Amino acid sequence: MTDPTTAAREARIEWLRRARTADSKAKTKRGLDAVVGLVAAGERITVARVARKAAVSTWFVYNSPDVHQAVRAAIQEQARHGIPAAAVLPRQRVSEAGLQTDLALAREEIRDLKTERDRLQARVRLALGAEIDDVQRTELLRRIRDLESHNALLISELAGQTDRADRLERRTAELEDEVTAVRRALTRSIRAVPGPAR
């Protein structure tokens, strides 16, 4: 019989996986539509323009194979027809909304992973101490072997979740840096705009 806690955890993980997949598909579609729209409008294709039009981060454009390939193909096509490529392609300005969305998603997933990690740690502690009273030696040894095996699986799963949480925390820090850079650039741009003539 399936443990209700395990079933609930697996259902939640499956829900998160489906949500992430749906979000990625939606972003990919917006990215591809943005490329088509910019080409149709005769605008020069850049990663930053595609990211702004699709309301995604430049990180997503670079790391989504379909969108990145579409951007590169459009840039090459425009170059063949006399529209020059952008002077600077790497790490261009992105929309703050796209960064904030990615940052919120990363933070939410980190919270979920930390909660799951804490729950797994509690299960490891409880699994080794539960149900050992009034048990004969043979049965006790069998249960200890089962618990040790189960404990090893939980430790392995915990290590994987911890590694994933660490990666997401690093990505969150990168996104926060990008948000700060965008805000500074916007502030400089606003200050650079001349005031009304008196």
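Restricting attention to segment 100-120, the residues that are polar (S, T, N, Q) and over 15 Å from L16 (Cβ atoms) total 2.
Quick check: is even one residue across segment 55-62 assigned to a helix (DSSP H, G or I), among the polar types (S, T, N, Q) and surrounded by 13 or more Cβ atoms within 10 Å (Cβ to Cβ)? Yes.
Residues that are hydroxyl-bearing (S, T, Y) and at pLDDT below 75 do occur in segment 80-101.
The values are calculated or read from the model by the stated rules, or taken from the named source; none is laboratory data. Since we're looking at a predicted model, the values are computed, not measured. Glycine gets a Cβ as well: all are built from the backbone with ideal geometry, and neighbour counts include every protein chain shown.
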